[in-house]
Amino acid sequence: MTSTYSNTPPFREVEFIDFLVKLLRKAGAHSVLCEVSLAPGKVVDLVIDSGRQVSIIETKRSSPQTRLRIDDALSQLKGYEKAAANGPFAGRELQPILAIPNSLSAEKVSSLQREGVEVWDGSRIAQMALHADMREEASRFIGEQHFEITSSPAFVEKLLQLPRGKGSWSPYQKLCRDIAEFLFCPPLRSPIWESSNAAEVNKRDFILPNYATGGFWKFLREKYHADYVVVDAKNYQEGVEKKEVLQIANYLSLHGTGLFALIMTREDPRESGSYTIRDQWIQHGKLIVTLNDREVEQMLVDKSFGNDPSELIRQKIEDFRLGI
């Protein structure tokens with residue numbers, strides 16, 4: 001069965017910007033300016049000049065989901081805000097805005113808001129489009145699902161309420177299995193629970209057989225030997241270290257499960273864990289991706305809005321490879 005998701009939005013960023021300009025003007029924005037130069041090398045996508053307040057809007061065709069990409073977008077907007085304050089909009093009240101077609105998790109929205117950045121994601125744009133009577137046109141960019149009342153899956157609440165540590169080890173494993181099945185099956189097959197090899201060693205929490213005939217998971221199978229997606233759940237207080245990464249790396253083999261694995265854990269890996277993940281890729285071609293609570297929450301939000309939850313994994317792999 002092929003996936004119904006696509007990792008590539010069916011429009012160009014310039015088309016998304018043109019749509020936002022039309023939406024803002026129809027909503028009554030006083031002055032909407034495109035491609036505004038704030039300083040040498042600082043050209044922002046859109047500016048709304050409302051007199052006392054000036055909104056500085058940066059658009060992204062593909063919503064940033066990893067911490068690195070969120071931080072990059074924040075740094076970019078803060079740079080625009082500083083340039084505007086020292087240049088054409090000195091003495092004005094400035095509001096940086098990130099405009100994206102999909103929805104971010106509440107945690108990511110809150111983290112940007114704490115830095116003074118307003119977020120126009122799919123849900124916010126849907127509200128704006130309804131007020132401007134532009135639902136049909138907006139649907140091309142944000143999808144019909146953003147016009148429906150959607151609540152986060154019960155998995156989010158269960159995950160955030162589950163205590164960390166050995167006392168909840170088994171419930172966490174089962175929850176991770178259920179979440180992985182909800183997020184990725186199909187196109188992946190249902191989890192095989194607590195599999196081990198013929199020698200009864202190298203026990204894995206669960207594996208997801210990958211027979212995808214198209215899309216991201218087919219790409220992973222062909223390029224990263226992800227014939228079976230090995231998943232390990234670690235309910236630690238802190239991030240995984242070298243020992244845990246080597247443990248799952250030992251599960252991976254070209255003639256066995258393949259060379260791709262996920263570690264579902266509560267926090268980002270510690271320094272020794274990150275170094276070992278890098279070393280396993282460079283030295284052995286084994287690709288290991290960790291998913292913390294906040295990233296799992298984002299994927300659940302994506303799924304609830306009908307978007308591809310594997311987009312976050314794709315971005316994490318790109319960030320990892322381009323950072324080497």
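Structure notes:
- Pairs with Cβ under 9 Å, 6+ apart, first in region 34-55 and closer than 15 Å to Val21 by Cβ, second part of a strand (DSSP E or B) and among the hydroxyl-bearing types (Ser, Thr, Tyr): Val44/Ser37; Asp45/Thr59; Leu46/Ser55; Leu46/Thr59; Val47/Ser55; Ile48/Ser55; Asp49/Ser55
- Filtered residue count, region 61-90, keeping only those that are assigned to a loop (DSSP other than H, G, I, E, B) and surrounded by fewer than 19 Cβ atoms within 10 Å (Cβ to Cβ): 6
- Of all the residues in region 165-204, those that are over 18 Å from Ala249 (Cα atoms), of a type in the set (D, E, K, R) and modelled with pLDDT under 90 number 1.
- Qualifying residue in region 49-58 (condition: assigned to a helix (DSSP H, G or I), assigned by TED's automatic domain parsing to the domain that holds Ile142 and crowded, with 18+ Cβ neighbours inside 10 Å): no
- Any hit, region 14-29, residues being under 26 Å from Ala126 (Cα atoms), without any contact (Cβ under 8 Å) to a residue 24 or more places away in the chain and assigned to a loop (DSSP other than H, G, I, E, B): yes
- Yes/no for Thr276 being touching a Phe, Trp or Tyr at 6+ places or on another chain (Cβ under 9 Å) and either farther than 29 Å from Pro101 by Cβ or assigned by TED's automatic domain parsing to the domain that holds Leu68 (or both): no
- Selection within region 281-298 - closer than 21 Å to Glu238 by Cα and touching a helix residue (DSSP H, G or I) at 6+ places or on another chain (Cβ under 7 Å): Ile288, Val289, Asp293, Arg294, Glu295, Val296, Glu297, Gln298
Conditions tested, residue by residue: (1) among the polar types (S, T, N, Q); (2) in contact with a helix residue (DSSP H, G or I) (Cβ under 6 Å, 6 or more places away or on another chain).
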{"residue": "Pro209", "(1), (2)": "no, no"}
{"residue": "Ala212", "(1), (2)": "no, yes"}
{"residue": "Lys218", "(1), (2)": "no, no"}
{"residue": "Val229", "(1), (2)": "no, no"}
{"residue": "Glu238", "(1), (2)": "no, no"}
{"residue": "Ile248", "(1), (2)": "no, no"}
{"residue": "Gly256", "(1), (2)": "no, no"}
{"residue": "Thr265", "(1), (2)": "yes, no"}
{"residue": "Asp268", "(1), (2)": "no, no"}
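- Residue tally, condition touching a residue at least 40 places away in the same chain (Cβ under 8 Å), among the small types (Gly, Ala, Ser) and within 24 Å of Glu13 (Cα to Cα), over region 79-105: 5
- Residue within region 255-263 that is touching a strand residue (DSSP E or B) at 6+ places or on another chain (Cβ under 6 Å) and not hydrophobic (A, V, I, L, M, F, W, C) present: yes
- Single unsatisfied condition, Ala138 versus (1) modelled with pLDDT of 90 or more; (2) over 15 Å from Val21 (Cα atoms); (3) part of a helix (DSSP H, G or I): (2)
- Within region 53-67, considering residues that are of a type outside the set (A, V, I, L, M) and touching a strand residue (DSSP E or B) at 6+ places or on another chain (Cβ under 6 Å), the one farthest from Tyr80 (Cα to Cα): Gln53
The values are calculated or read from the model by the stated rules, or taken from the named source; none is laboratory data. These figures come from a predicted structure and were not determined experimentally. When we count neighbours, we look across all protein chains shown, and the Cβ atoms used for this are built from the backbone with ideal geometry, even at glycine.
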